[in-house]
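The values are calculated or read from the model by the stated rules, or taken from the named source; none is laboratory data. Not measured: the values here are computed from a predicted model. We place every Cβ from the backbone using ideal geometry, glycine too, and count neighbours over all the protein chains shown. Remember, those area values only see protein heavy atoms, side chains included, never the ligands or the DNA or RNA. Shrake-Rupley method; radii C 1.70, N 1.55, O 1.52, S 1.80 Å.
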Amino acid sequence: MHELSLCRSIGQIVRRHAEDRRVTVVHLQVGQLRQVVPDTLVYCWGLVNEGTTCEGSVLDVDHVPAVIECRDCGATTRLVEMSMACGACGSTAVAVTAGEELLVTSIELQGV
Amino acid sequence: MGRFHRHDDGTEHDHDTELGEHTHDHSHVAGRDVGDMTGYVTGTERVQVLEAIFDENDRVAAANRADFAEHGVRVVNLMSSPGAGKTTLLRETLVRLQGRSRVGIIEGDIETSIDADRLEGLGASVALVNTGNGFGGECHLDAPMVRSALGRVPLAELDVLFIENVGNLVCPAEFDVGEHARAMVYSPTEGEEKPLKYPVMFRTADVVVVNKIDLLPYLDVDMDLFRRNLASVNPDAHVLMVSSKTGEGVDAWLDWVAGA
Ligand SMILES: Nc1nc2c(ncn2[C@@H]2O[C@H](COP(=O)(O)OP(=O)(O)OP(=O)(O)O)[C@@H](O)[C@H]2O)c(=O)[nH]1
Ligand SMILES: [Mg+2]
Ligand SMILES: [Zn+2]
Ligand SMILES: [Zn+2]
Ligand SMILES: [Zn+2]
Ligand SMILES: [Zn+2]
């Protein structure tokens, strides 16, 4: 369970950008290869924000599918299960090109 | 992931130059909920951030790694499910390296000093990190926790440092702590499907130590199937067959550590 520490980091990033303003929505990108439990994340977000400018704000999570690229044939394969093999030629010489994202993309602030 | 930051008004800047402080002036245009500037007072405003959530952890991990490099210490992050045999393997490692290499250990444990105590008296310097603080325990080590222990291991005098992570197949895989290599200890009693159930952990390992092989005659586990499952999530993983109880395979593990 590392969602609590993730939420602490998200809160730090958000408040640094929000300065003293009230935050209404936080937009995240979470890749499929990140082991984040969405419900736990939302629950922890509520916990760590009590009494801060983020209290009551909504986490909006944009899920990013995992994609691998083959070094042999160049094909890209979207992963449905975790099998590190090229969908076109079967080679295991592959690199992950998407799915490891974990970032705060933007925030929404209440007008002043 | 950089700390590049773009505002809705089109200005861009890099926060590295701001020493972590957000000192610049914010002059964003009104966000999507307002059509004209008269709505600015009550509308919301959207600010682009584009910051990786692990930035802070990764900065500290990089600082750890730089300290390790400065002192020429190889660092191995040892991970497994609870009870797979990390501490037992470390004990056998220390017994064999005594007088040959100078070893340090950072022992991550949620509440107790039991594992750290088991490693005392074998010539290694052992620093304990209890991860249970306040708000429930963390079931993993992160880079700041490892950094907090560095003052208690004499890096300048070490050849190799082992970090025994908290027994858990999920979160430890997510946190770079500044190590050079990741070793996973797997016990065949856990079944053949573990790589498929915990692919992120198995994918992150440079070496998988199959421990407790002395038990194989008593188990119905199919090790070929395990290897196939492992290869499907991590085609490049080295596999070492070890018994920390009988000592079989421990020398091959030491060879791997020496080249890690
Ligand atoms: N038969 C056998 N038992 C082993 C072996 N290695 C470890 N064990 C036993 O497995 C149990 C757990 O071993 P530990 O070394 O404490 O495991 P760990 O991974 O450090 O456990 P945590 O730190 O609690 O996650 C102990 O009873 C060990 O004696 C082995 O190679 N063979
Ligand atoms: Mg242990
Ligand atoms: Zn976790
Ligand atoms: Zn800014
Ligand atoms: Zn291919
Ligand atoms: Zn954890």
Checked pairs for segment B:97-111, first crowded, with 18+ Cβ neighbours inside 10 Å and among the hydroxyl-bearing types (S, T, Y), second at pLDDT 95 or above and in a strand (DSSP E or B), C-beta under 8 Å and 6 or more apart or across chains, list as B:S101/B:V160
The correct count of residues that are in a strand (DSSP E or B) and either open to solvent by 10 Å² or more (accessible area, probe 1.4 Å) or of a type in the set (G, A, S) (or both) in segment B:68-92 is 2
Right, B:V209: within 16 Å of ligand 2 (Cβ to nearest atom) and not hydroxyl-bearing (S, T, Y) or not? yes
When segment B:154-190 is checked residue by residue, the ones that are at pLDDT below 95 and out of contact with any helix residue (DSSP H, G or I) (no Cβ under 8 Å at 6 or more places or on another chain) are B:N168, B:C171
Is it the case, given these coordinates, that B:E174 is among the acidic types (D, E), within 14 Å of chain A (Cβ to nearest Cβ), more than 16 Å from ligand 2 (Cβ to nearest atom) and more than 30 Å from B:L215 (Cα to Cα)? yes
Residues of segment A:62-73 being surrounded by 15 or more Cβ atoms within 10 Å (Cβ to Cβ) and closer than 30 Å to A:R21 by Cβ, in sequence order, are A:V64
In segment B:145-173, anything without any contact (Cβ under 8 Å) to a residue 40 or more places away in the chain and closer than 19 Å to A:E3 by Cβ is listed as B:M145, B:V170, B:C171
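Every residue, every condition in (1) surrounded by fewer than 19 Cβ atoms within 10 Å (Cβ to Cβ); (2) modelled with pLDDT under 95; (3) under 18 Å from A:E100 (Cβ atoms); (4) more than 9 Å from chain B (Cβ to nearest Cβ), yes or no:
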| position | (1), (2), (3), (4) |
| --- | --- |
| A:G11 | no, no, no, yes |
| A:E19 | yes, yes, no, no |
| A:L33 | no, yes, yes, no |
| A:V37 | yes, yes, yes, yes |
| A:T40 | yes, yes, no, yes |
| A:G46 | yes, yes, no, yes |
| A:E50 | yes, yes, no, yes |
A careful count of residues in segment A:88-112 that are away from chain B (no Cβ under 13 Å) and either modelled with pLDDT under 95 or more than 27 Å from B:V49 (Cα to Cα) (or both) gives 2
For segment B:174-194, the count of residues that are within 16 Å of ligand 1 (Cβ to nearest atom), open to solvent by less than 10 Å² (accessible area, probe 1.4 Å) and either among the hydrophobic types (A, V, I, L, M, F, W, C) or more than 21 Å from the chain's Cα centre (by Cα) (or both) equals 4
| field | Selection status of A:I68, within 16 Å of ligand 5 (Cβ to nearest atom) and assigned to a strand (DSSP E or B) | value | yes
Reported set for segment B:209-226 where residues are among the aliphatic types (A, V, I, L, M) and within 14 Å of ligand 1 (Cβ to nearest atom) is B:V209, B:V210, B:I213, B:L215, B:L216, B:L219, B:V221
